[in-house]
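Asks: Sharing a structure here in structure tokens format.
The values are calculated or read from the model by the stated rules, or taken from the named source; none is laboratory data. All of these numbers come straight from a predicted model, not from anything done at the bench. Quick reminder, even Gly has a Cβ in these numbers, built from the backbone with ideal geometry, and neighbours come from all protein chains shown.
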Amino acid sequence: MSAPRMPIESGVPDPFPYMHPTLKKNFGQWKYHDRPRPGVLHHVAKTGEEVWTVRAGTQRQMDTYTIRKLMDIADQFADGYVRFTIRSNIEYMVTDEKKVQPLIDKLQAEGFPVGGTGNSVSMISHTQGWLHCDIPGTDASGAVKALMDELYHEFTHEEMPNRVRMTTSCCQINCGGQGDIAINIQHTKPPKINHDLVANVCERPSVVARCPVAAIRPAMVNGKPSLEVDEKKCICCGACFPPCPPMQINDPEHSKLAIWVGGKNSNARSKPTFHKLVAAGIPNNPPRWPEAAAVVKNILGAYKKDAKDYERMNEWIDRIGWPRFFELTGLPFTKYHIDNWRGGRVNLNASAHIRF
Amino acid sequence: MATKMHNTPMLDQLESGPWPSFVTGLKRLANDEGKPYADMMKDLLGQLETSYTTRKGYWKGGTVGVVGYGGGVIPRFTELLDENKKPLFPKAAEFHTLRIMPPAGMHYTTDIMRKFCDVWDKYGSGLIAFHGQSGDIMFQGCTTENVQPAFDEMNEMGFDLGGAGPAVRTGMSCVGAARCEHSCANEQRIHRTLVNRFLDDMHRPALPYKFKFKVSGCPNDCMNSIQRADLATIGTWRDDMKVDQAEVKNFVNAKGRKYVIDNVITRCPTQALSLNDDDTLAVDNKNCVRCMHCINVMTKALSPGDDKGVTLLVGGKRTLKIGDLMGTVVVPFMKLETDEDYEALEELAGNMIDFFAENALEHERTGEMIERIGLVNFLEGIGVEIDPNMITNPRMNPYVRMDGWDDEAQKWFERKAG
């Protein structure tokens, strides 16, 4: 029997063989850019060379027919090169301005929205969900498809005060990341434990160590070594579920959606921030999650109407204050908004600064 | 027995609407009779529709990999079984993902993309995600048997598996110097230098938990590195930013003074900008914090300076276990031009990973370890001197033993003098 093939440990590939020739030629030599229309970036190099980038939304989870169609478009209009953004938008680079409009027309005719640039709502960065994750409380691709259908106009137009970056996450690990608006699963009940399986499936000390509030302890249940949860201490985060699947946290009814706003990774103007809780208890309602979409559109509407140019979501709220945010959105302010986690006291108003 | 198309009334509702539909794509593959993936995708739709109906997930992990590596494949086995413990959707009972690292900056030729499609049509499901949150291309849906040949073909094409589990993970870098005038660094070189130096720690997971590198070419941080990377590398500059006063005047002329004052001058976080009476711009570069706002707005008139480099921040991560943590500064400025500069970066990253490997608890990220042991202990461990750029403000409580004060003050003056 022949020896098995050993991998070529080549690591991250060199991008230059895959890079559009104009980008390669002007690497590090770009002078400025502008945005002639939503979905199009125009970059000018110090050499005077120009490149127009046309950005289009995709479904991220793509069948090979869709990919081949996108590649045929690249061969026809964009010299056979593409790149992707961090939010799964595809970008075509063209060096002839006359090709920009026909490329846009072709993408739109094939059902790919052109946009996602500047002060638009870009594609929602998301996770795997029911399609592929082992611990999901909800789906990702479906929720994003449903939301982007609702936000289509905001993707294809630049009408927001500043860019809006949204994320979704199917559990409280929050792989989707921080966002101006984040739609995340929030469990509301402690895990349901299948005590027959714990001893065989779970490394109990690791599970005990995983709990953020030390609510899990080893126990004998029905004569079997298992784990028990102090339900008064449990914060229903689901951290025990990945290392111990018999501690089922996902619940068709009690796993809800929560909405968080004001996360920002850019250093522009204000320092980067984490998003903050604004709404919870929203039903996890496939296939179109209308209740979550309504809250998102409500928040976006208030932001669009009230924020000043260049204010990101967090900067708008910093200016108008949280009482006004809850007033403008009509969302309820509850005891759950008041942080009691470690360090949470920095989130209290330690001043007499109050807007009346 | 031939696999039939399952009814999917819930998923069907995601075929309408203007945004591209992944369900339409899944069904296209499922209906592609004669193709090796068609039955797998029929059953995948069956399982996904079940999830939509019951609001529950039905995948479990396991152990699947390729020869020579301990990670990079995400195994998925169905948990939807009938009364005889047989999979309800047998053709999709194994649905593993291969995480493949893209070229830095996610550039592709149509040729390589079609080759990916050919491999995945042959061995996989025909479903590929560009890209996962990890920064990998996710080839989703592969039987255990086909993982090895699919990897072998892509590996021969010049592509390698990314990270999974307690390992150095796949990195990400922005488009950067390839197409952005804000770029202050060679993002793709930093990305490849860091990840490719630690491939052993990627492919043979043996760290306490994950360790991520992300690279953004300027403080706009398009890669979210400060929130998501254990080591974030963010481009910056330390000389004066560049101002083309003629273009400033053009901008003021086109937009009006009020617009410029409201949207540029007063939006500077450190009041480092002032509009002169002749519509030129005065910049207090000593107090500019390189936030990028004015440069973002006035792209023709303003740009980063010439003395470019990077700021390094450590410890960014999301919620589990102790709550979200931002990356914080450990190296305010590092020049990255010569090979020696890159070697110094590699060495520093190596020190961080070694210290993490030896000192973090199981399932503890770098930021959590630093929270537990304190930044100073971490800095001493990796051989980096303290710097006031590392803090927002000095400590606010007196609970610290300070009998080494005189020695520490002396060290500071010696470093300043040196």
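Asks: Please give the number of the condition residue B:122 fails out of (1) touching a residue at least 40 places away in the same chain (Cβ under 8 Å); (2) surrounded by 24 or more Cβ atoms within 10 Å (Cβ to Cβ).
Replies: The number of the failed condition is (2).
Asks: Can residue B:392 be described as crowded, with 17+ Cβ neighbours inside 10 Å and farther than 30 Å from residue A:28 by Cβ? Talk me through it step by step, then tell me what you get.
Replies: On the way: crowded, with 17+ Cβ neighbours inside 10 Å: no; farther than 30 Å from residue A:28 by Cβ: yes.
No.
Asks: Given (1) within 21 Å of residue B:135 (Cα to Cα); (2) more than 23 Å from the chain's Cα centre (by Cα); (3) surrounded by 23 or more Cβ atoms within 10 Å (Cβ to Cβ), where does residue A:30 come up short, assuming only one miss?
Replies: The single condition residue A:30 does not satisfy is (1).
Asks: Sticking with this structure for a sec: So which of A:37, A:5 ends up being without any contact (Cβ under 8 Å) to a residue 40 or more places away in the chain and under 30 Å from residue B:155 (Cβ atoms)?
Replies: A:5
Asks: Okay, next question. Would you check if residue B:161 is surrounded by 24 or more Cβ atoms within 10 Å (Cβ to Cβ) and more than 15 Å from residue B:29 (Cβ to Cβ)?
Replies: Values: surrounded by 24 or more Cβ atoms within 10 Å (Cβ to Cβ): yes; more than 15 Å from residue B:29 (Cβ to Cβ): yes.
In short, yes.
Asks: Looking at the structure I just gave you, is residue A:312 within 14 Å of chain B (Cβ to nearest Cβ), on the phi < 0 side of the Ramachandran plot and touching an Asp or Glu at 6+ places or on another chain (Cβ under 7 Å)?
Replies: Against the criterion (within 14 Å of chain B (Cβ to nearest Cβ), on the phi < 0 side of the Ramachandran plot and touching an Asp or Glu at 6+ places or on another chain (Cβ under 7 Å)), residue A:312 qualifies.
Asks: Got a sec? Which strands (runs of 3 or more DSSP E) wholly within the range B:89-159 have at least 2 residues that are closer than 30 Å to residue B:79 by Cβ and more than 10 Å from chain A (Cβ to nearest Cβ)? Show your work before the answer.
Replies: Numbers: elements: B:97-100, B:107-109, B:124-130, B:137-142.
Passing ranges, in order: B:97-100, B:137-142.
Asks: Then there's this: Which of (1) part of a helix (DSSP H, G or I); (2) within 11 Å of chain B (Cβ to nearest Cβ) does residue A:302 not meet, given it meets every other one?
Replies: Checking residue A:302 against (1) part of a helix (DSSP H, G or I); (2) within 11 Å of chain B (Cβ to nearest Cβ), the one that fails is (2).
Here's the yes/no breakdown for (1) of a type outside the set (A, V, I, L, M, F, W, C); (2) buried (at least 19 other Cβ atoms within 10 Å of the Cβ); (3) closer than 30 Å to residue B:174 by Cα; (4) in contact with a Cys (Cβ under 8 Å, 6 or more places away or on another chain):
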residue	(1), (2), (3), (4)
A:273	yes, yes, yes, no
A:284	yes, yes, no, no
A:306	yes, no, no, no
A:322	no, no, no, no
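Asks: Does residue B:179 qualify as being at negative phi, of a type in the set (Lys, Arg) and under 16 Å from the mean Cα position of the chain (by Cα)?
Replies: Values: at negative phi: yes; of a type in the set (Lys, Arg): yes; under 16 Å from the mean Cα position of the chain (by Cα): no.
No; evaluated as a whole, the condition is false for this residue.
Asks: Can you tell me which residues in the range A:72-83 are at the interface with another protein chain (Cβ under 7 Å from one of its Cβ atoms) and either under 18 Å from the mean Cα position of the chain (by Cα) or surrounded by fewer than 21 Cβ atoms within 10 Å (Cβ to Cβ) (or both)?
Replies: From the range A:72-83, those at the interface with another protein chain (Cβ under 7 Å from one of its Cβ atoms) are A:74-75, A:80-83; that's our starting set.
Matches in the range A:72-83: A:75, A:80.
Asks: For the range A:5-56, which residues satisfy the criterion of being facing chain B (nearest Cβ under 7 Å), assigned to a strand (DSSP E or B) and among the acidic types (Asp, Glu)?
Replies: The answer is A:34, and nothing else.
Asks: Hey, another quick one. Please find, among A:274, A:333, the residue that is at pLDDT 95 or above and within 13 Å of chain B (Cβ to nearest Cβ).
Replies: Answer to the check: A:274.
Conditions tested, residue by residue: (1) within 18 Å of residue B:77 (Cα to Cα); (2) assigned to a loop (DSSP other than H, G, I, E, B); (3) free of Cβ contacts under 8 Å to residues at least 60 places away in the same chain.
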{"residue": "B:5", "(1), (2), (3)": "no, yes, yes"}
{"residue": "B:23", "(1), (2), (3)": "no, no, yes"}
{"residue": "B:35", "(1), (2), (3)": "no, yes, no"}
{"residue": "B:50", "(1), (2), (3)": "yes, no, yes"}
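Asks: Restricting to the range B:35-77, what's the tally of residues that are touching a Pro at 6+ places or on another chain (Cβ under 8 Å), at the interface with chain A (Cβ under 9 Å from one of its Cβ atoms), of a type in the set (A, V, I, L, M) and crowded, with 17+ Cβ neighbours inside 10 Å?
Replies: The number of residues fulfilling the criteria is 1.
Asks: Which residue pairs have Cβ atoms closer than 6 Å, lie 6 or more positions apart in sequence or on different chains, and pair a first residue in the range B:289-318 that is within 9 Å of another protein chain (Cβ to nearest Cβ) and under 30 Å from residue A:175 (Cβ atoms) with a second residue that is buried (at least 19 other Cβ atoms within 10 Å of the Cβ) and modelled with pLDDT under 95?
Replies: Sorted first by the residue in the range B:289-318, then by its partner, the pairs are B:318/A:174.
Asks: From (1) within 30 Å of residue A:304 (Cα to Cα); (2) more than 7 Å from every other protein chain (Cβ to nearest Cβ), pick out the condition that doesn't hold for residue A:86.
Replies: For residue A:86, the exception is condition (2).
Asks: For residue B:330, indicate whether it is more than 19 Å from residue B:181 (Cα to Cα), buried (at least 18 other Cβ atoms within 10 Å of the Cβ), of a type in the set (Val, Ile, Thr) and in contact (Cβ under 8 Å) with a residue 60 or more places away in the chain.
Replies: Criteria met by residue B:330.
Asks: With surrounded by 15 or more Cβ atoms within 10 Å (Cβ to Cβ) and at pLDDT below 95 as the only criterion, which of A:269, A:204, A:210 stands out?
Replies: The conditions single out A:210.
Asks: Only one of A:263, A:238 is at positive phi, in contact (Cβ under 8 Å) with a residue 60 or more places away in the chain and touching a His at 6+ places or on another chain (Cβ under 8 Å); which?
Replies: A:238
Asks: Suppose the filter is of a type in the set (Gly, Ala, Ser) and either assigned to a helix (DSSP H, G or I) or at pLDDT 95 or above (or both); does residue B:323 pass it?
Replies: Answer is no for this residue.
Asks: Name every residue in the range A:91-118 that is more than 16 Å from residue A:148 (Cα to Cα) and either of a type in the set (Gly, Ala, Ser) or within 11 Å of chain B (Cβ to nearest Cβ) (or both), in order of residue number.
Replies: A:91, A:92, A:93, A:107, A:109, A:110, A:118
Asks: Also, I was wondering about something else. Is it the case that the range B:349-363 has a residue that's at the interface with another protein chain (Cβ under 10 Å from one of its Cβ atoms), surrounded by 15 or more Cβ atoms within 10 Å (Cβ to Cβ) and in contact with a Phe, Trp or Tyr (Cβ under 9 Å, 6 or more places away or on another chain)?
Replies: If we filter the range B:349-363 for residues that are at the interface with another protein chain (Cβ under 10 Å from one of its Cβ atoms), which is where we start, we get B:361-363.
Next, only the ones that are surrounded by 15 or more Cβ atoms within 10 Å (Cβ to Cβ) stay: B:363.
Next, only the ones that are in contact with a Phe, Trp or Tyr (Cβ under 9 Å, 6 or more places away or on another chain) stay: B:363.
Yes: the range B:349-363 contains one or more residues that are at the interface with another protein chain (Cβ under 10 Å from one of its Cβ atoms), surrounded by 15 or more Cβ atoms within 10 Å (Cβ to Cβ) and in contact with a Phe, Trp or Tyr (Cβ under 9 Å, 6 or more places away or on another chain).
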